[in-house]
Each structure stands twice: as structure tokens, then as C-alpha cells.
Amino acid sequence: MIRLLVNIDHVATLRNARGEGYPVPTEAARVCEGAGADGIVFHLRGDRRHIRDEDLPELKSVVKGRLDFEMAATDEMIGLCCELKPDLATLVPEGREELTTEGGLNMRPLVKDYHSRIVPALKVAGIEVSLFLDPVEEDIRLSAEVGADAVELHTGRYANLFRVGDRDGASTELNRLADAADLAHSLGLKVHAGHGLNTENLGEFLDRVPYLQEVSIGHALISDALFYGLEETVRRYLAVLRG
């Protein structure tokens, strides 16, 4: 059964817009898990544009399922993650000017540091390590080489092609994602996925990409919740995943 982890960053974004303390990200986490979600994702960025340091202990105490700390591999974030001890750390590239994560890690220049310092530090703290990657063979092979437990396949390109109606392009990208999942699985890596997934494109993705254990969905789910309510929206996504 594929797990659904809900990214609650945009609940924090809405809270921060007025600085009045609500909506509360931990309450969103409670509702999501109460509706059947298998866990919660948050991205603590260097600029603290949504989730903030004070949210971390509250999320740790509230979340009953999987807690995924998405982050850049900086010394600051490694330290905070090792102190918090979530179930999973997902390492992502981070650009200050980007609106959202724009692509996967380019592993070639990262191999030495990830292998000798970053991945071991997280594993010593008992934290599972996932790397956010485009469906690129070299990056997946190097992820296994540095000792990652999982890869999270970046589905943003597929989602964008699907959204604009480029069915041939979307199908080609699904082939790339399926090949990447096959390779990751053959190397002993768990397969996660996320970015741009919604109720319209998720079903075809699930049909075509094998070995998935976990999907992370945030922006689309929180947006849908404005119209359907958070609890109902989580159930709609679960219906696609479990259907």
C-alpha cells in the first residue's frame, strides 16, 4: 500500500502572511492524519518562508505517522534534523529566489560530502535518508553509492506536461520515471515521489511507475482543501491512491 504524506508548508505560509498565529500547521497535521494520511512533510527553508523553528517540536509531538523533514544539506539543517529525529530526512536542492523546489539534486559534485559526512550524520541519529532526484540514471546510482535509503523522484516535469495537455510528452516522462523507479529498486533503494501531483494526474502516474512506497503531496492538496475542506480532500487523494 502506497503511503500518502501531506506537505503542510502552505498552511504555514498562510499563517505567516498575517503574523497572527493561525492557521496552525500542527492542527492541519492532526486533521490530515485523522482523515487517514500516513504522515506529514515539512520543508524548513533557510529563509523560514513557511515552516519555522518553533513548529518543529510541536510537529514532532503531534504527528503519529511518518514525519519527513525536507531540507537543504546545510550544517544548520543537519543539526536541527539530528536534534528533532524525524523518521525521514529528504535532502533537496534549495535556491533562495525559487518559488518552489525546481528540480532534483545533481549528485556528481555532492558524492564526497554526502558519503563521508552528511548521510552518516543523519544515519547515526537514526534517521532514514531520501534524496530528491530527477529521473537520471547517474544520480540514482550515485544515491546508492553515498548510502541513501530512498530516492524521491521529482514528478514536476510530468505534472507540468500533463497540465498543459501534452499527452505524448507526459507519457515519455512517465517512461523515464518508471525506468528510474526500476533502477532504484534494483539498487536496493526505496522509491518515493512528489511534486505537482494532484487528483487528475496521480492515477496515471500510479499505473505506470512501479515500486512506489510513498508520495508527498502539498500544494495541490492544500489548494483543493479551500473548496472541499481538508479532511475531505485527504480522503479524495487516498481514494485515488487506494483505488
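If Leu99 meets every condition in (1) modelled with pLDDT of 95 or more; (2) among the hydrophobic types (A, V, I, L, M, F, W, C); (3) surrounded by fewer than 18 Cβ atoms within 10 Å (Cβ to Cβ); (4) under 18 Å from the mean Cα position of the chain (by Cα) apart from one, which number is that one?
(1)
Matching residues to (1) buried (at least 19 other Cβ atoms within 10 Å of the Cβ); (2) aliphatic (A, V, I, L, M); (3) on the phi < 0 side of the Ramachandran plot:
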{"residue": "Arg141", "(1), (2), (3)": "no, no, yes"}
{"residue": "Ala170", "(1), (2), (3)": "yes, yes, yes"}
{"residue": "Arg176", "(1), (2), (3)": "no, no, yes"}
{"residue": "His192", "(1), (2), (3)": "yes, no, yes"}
{"residue": "Leu202", "(1), (2), (3)": "yes, yes, yes"}
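Please find, within the stretch 1-12, the residue that is surrounded by the most Cβ atoms within 10 Å (Cβ to Cβ) out of those that are part of a helix (DSSP H, G or I) and not hydrophobic (A, V, I, L, M, F, W, C). Outline the logic, then answer.
Filtering the stretch 1-12 for residues part of a helix (DSSP H, G or I) gives 9-12.
Applying the additional criterion that residues be not hydrophobic (A, V, I, L, M, F, W, C) yields 9-10.
Values: Asp9: 20, His10: 18.
If we take residues in the stretch 1-12 being part of a helix (DSSP H, G or I) and not hydrophobic (A, V, I, L, M, F, W, C), then Asp9 is surrounded by the most Cβ atoms within 10 Å (Cβ to Cβ).
Kindly list the number of the only condition in (1) small (Gly, Ala, Ser); (2) farther than 28 Å from Arg108 by Cβ; (3) in a helix (DSSP H, G or I) that fails for Ala144.
All conditions pass for Ala144, except number (2).
For residues in the stretch 216-243 being touching a residue at least 12 places away in the same chain (Cβ under 8 Å) and over 23 Å from Leu14 (Cα atoms), which is surrounded by the fewest Cβ atoms within 10 Å (Cβ to Cβ)?
Gly243
Conditions tested, residue by residue: (1) in contact with a helix residue (DSSP H, G or I) (Cβ under 9 Å, 6 or more places away or on another chain); (2) in a helix (DSSP H, G or I).
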position	(1), (2)
Ser171	yes, yes
Asn175	yes, yes
Ala180	yes, yes
Ala193	yes, no
Gly203	yes, yes
Glu214	no, no
Thr233	yes, yes
Arg236	yes, yes
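The values are calculated or read from the model by the stated rules, or taken from the named source; none is laboratory data. Fair warning: this is a prediction, and the values are worked out from it, not measured in the lab. Neighbour counts run over all protein chains shown; Cβ positions are idealised from the backbone, glycine included.
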